[in-house]
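S.K.: Next up is a structure, given as structure tokens.
The values are calculated or read from the model by the stated rules, or taken from the named source; none is laboratory data. Small disclaimer: the values here were computed from a predicted structure and weren't measured. We place every Cβ from the backbone using ideal geometry, glycine too, and count neighbours over all the protein chains shown. To get the accessible areas, we keep the full protein, side chains included, count just its heavy atoms, and leave off ligands, DNA and RNA. Shrake-Rupley method; radii C 1.70, N 1.55, O 1.52, S 1.80 Å.
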Amino acid sequence: MESEIGGLSGLQKSLSKEPLKALLVSVYKGSAAGKATYQEHLEELALLAQTYGLEVLHKVTCAIRRYDSANYVTEGKLQELVDLAKEYQVDLVVFDDEIAPSQQRNLEKAFKVPVIDRTELILGVFGQRARTKEARLQIELAKVKYEAPRLKRLWTHLSRQAGTAGASGGGGGGGYTKGEGEKQIEIDKRILRRKIDQLQDEIKEVKGHRETQRNSRQRSQIPVFAIIGYTNAGKSTLLNALTNAGVLVEDKLFATLDTTTRKFQMSNGQEILLIDTVGFIRKLPHLVVAAFKSTLEEAFQSNVLLHMIDVNHPMAEEQAETTYEVLRELNSESTPVITVLNKVDLCADKQMIARMKVKYPKTVEISALNHIGFENLQDLMIEELSRQRQVLDLIIPQSDYAVVSEITRTGHVITQDYEANDVLLKIELPFALVEKVKKYMKIP
Ligand code: GTP
């Protein structure tokens with residue numbers, strides 16, 4: 001079901017094949033010292049914009065003393081930004097923040113081109129990249145919720161497109177015929193409400209199905225490691241390097257939107273499942289957090305989290321903290337974490353690596369791309385898993401051989417011998433299975 005009444009993708013469709021030209025704005029309150037950070041944030045916004053397919057013509061940081069409730073920025077600053085947009089003849093302006101619907105409408109009146117915020121851009125990127133049915137539905141729901149309070153603005157877009165000026169012309173006055181527009185907005189609101197209900201029902205159904213799959217996986221008791229981390233940290237690269245999974249690797253944000261699961265045999269022969277997850281990002285819009293919570297929930301059912309950090313990134317420390325913040329938000333701090341410092345082939349800042357090692361226990365340095373550090377990584381994974389498992393000596397009669405097959409598939413066999421009609425097993429098993437084989441335990 002298509003929901004586009006306007007918005008970013010509606011605008012994209014209404015224009016020619018040429019990429020939309022954008023001006024990116026990062027507004028910040030505070031001293032000049034903070035400028036470097038905001039410039040980095042702007043770089044990230046640019047990467048997001050490019051990932052969506054926009055052409056970034058200019059980026060600007062804008063220091064302000066106070067926010068303006070009507071226009072987001074005060075009049076003088078707004079005029080400077082409007083002049084910049086005119087100078088570069090951009091098709092749209094992207095703000096690196098969440099902007100209230102009324103402010104967005106006022107900004108559009110001033111710029112005379114569409115103005116979008118970070119949330120709308122992230123929703124656009126997610127919308128392009130979601131693959132599974134659940135991810136698509138979740139994003140669709142987030143989009144409808146985002147659009148609901150902005151119907152007036154979307155109608156302004158439509159009448160602009162229908163009018164003479166056109167959104168890219170920079171001169172469109174916008175404005176719909178009031179009576180007609182208001183009536184239509186009421187009708188649209190009702191349609192959107194119905195759509196939200198319908199999407200929520202569909203999500204419930206798909207979720208139920210996923211739950212069943214997860215339960216059957218849990219029953220199989222194969223240990224699960226979830227690779228999490230900031231977007232572009234190298235999560236898919238690691239999964240591919242270890243398992244030849246063929247997952248899309250791109251120097252773009254959010255190349256991976258759905259979780260991919262692959263089997264992997266560690267150096268001690270133990271089979272595990274590795275899950276690649278959606279990347280984290282600073283100021284993840286709350287609509288998107290809600291949308292992806294369910295996808296991430298799966299990762300948090302895992303035995304161990306592999307938290308990947310791109311140590312070559314200038315904001316590596318901030319990115320690592322963002323990931324931990326999201327973990328806290330999702331109440332998943334209790335899952336053990338191994339911190340994987342990736343891209344050491346590029347990183348020259350040894351002091352930063354040393355700081356990370358102090359801050360995060362259980363740390364390993366790797367290069368997923370160049371297959372460096374994989375042995376150390378696996379050693380840590382094996383060590384962490386053994387913490388969650390117990391070594392048992394079992395005597396199982398040959399007549400119960402089905403039990404032997406089952407537990408040797410999931411456990412790590414240390415020794416296996418035969419004596420008369422019995423199988424003697426020294427095996428490391430997950431705690432969850434210990435109860436099941438209790439009756440075979442050798443009494444010392
Ligand atoms: P999202 O899907 O956005 O969350 O990204 P991701 O974390 O899955 O990152 P991905 O594996 O797509 O890698 C991002 C970029 O980093 C790609 O261009 C990779 O080639 C590059 N990369 C990954 N690991 C390394 C590494 O160890 N060294 C270097 N130099 N580049 C790497």
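S.K.: So which aspartates and glutamates can residue 86 reach, going by Cα to Cα under 14 Å and dropping same-chain residues fewer than 8 places off?
M.R.: Here the aspartates and glutamates satisfying the reach criterion relative to residue 86 are 108.
S.K.: Reachable aspartates and glutamates from residue 439, Cα under 19 Å, same-chain residues fewer than 8 places away excluded?
M.R.: Qualifying aspartates and glutamates at Cα under 19 Å: 393, 400, 406, 417, 419, 422, 428.
S.K.: Take every DSSP beta bridge whose two residues both sit in segment 7-128, then give the antiparallel share in percent to the nearest 5. Don't skip to the answer; put the middle values down first.
M.R.: On the way: 1 of 17 bridges.
Just about 5 percent of them are antiparallel.
S.K.: Taking a 29 Å limit on the Cα-Cα distance, which of the listed pairs 112/143; 77/235; 109/133 fall beyond it?
M.R.: On the way: 112/143 24 Å; 77/235 40 Å; 109/133 37 Å.
Result: 77/235; 109/133 exceed 29 Å.
S.K.: Still on this structure, I have one more. Quick check on segment 298-444: take the gyration tensor over C-alpha atoms, sort the square-rooted eigenvalues as a ≥ b ≥ c, and tell me if it's rounded (a/c under 1.5), prolate or oblate.
M.R.: prolate
S.K.: Taking the solvent-accessible surface of protein heavy atoms with a 1.4 Å probe, what is the per residue accessible area of segment 389-440 in Å²? It would help to have the intermediate numbers written out before the result.
M.R.: On the way: 2910 Å² over 52 residues.
Using a 1.4 Å probe on heavy atoms only, each residue of segment 389-440 averages 56 Å².
S.K.: Out of the total accessible area of segment 389-440 (probe 1.4 Å, heavy atoms of protein only), what percent is carbon and sulfur? Intermediate values should be presented prior to the final figure.
M.R.: Values: 1470 of 2910 Å².
Of the solvent-accessible surface of segment 389-440, carbon and sulfur hold 51 percent.
S.K.: Given axes a ≥ b ≥ c from the Cα gyration tensor, I'd like to know whether segment 393-444 is rounded (a/c under 1.5), prolate (a/b larger than b/c) or oblate. Numbers along the way, then the final one.
M.R.: On the way: a/c = 1.44, a/b = 1.35, b/c = 1.07.
It is rounded, given that a/c, with a ≥ b ≥ c, falls under 1.5.
S.K.: What number comes out for the charge environment of residue 353, summing +1 per Lys or Arg and -1 per Asp or Glu over other residues with Cβ under 15 Å away? Walk me through the intermediate numbers first.
M.R.: Numbers: positive: 343, 350, 355, 357, 359, 362; negative: 310, 317, 345, 349, 365.
In short, +1.
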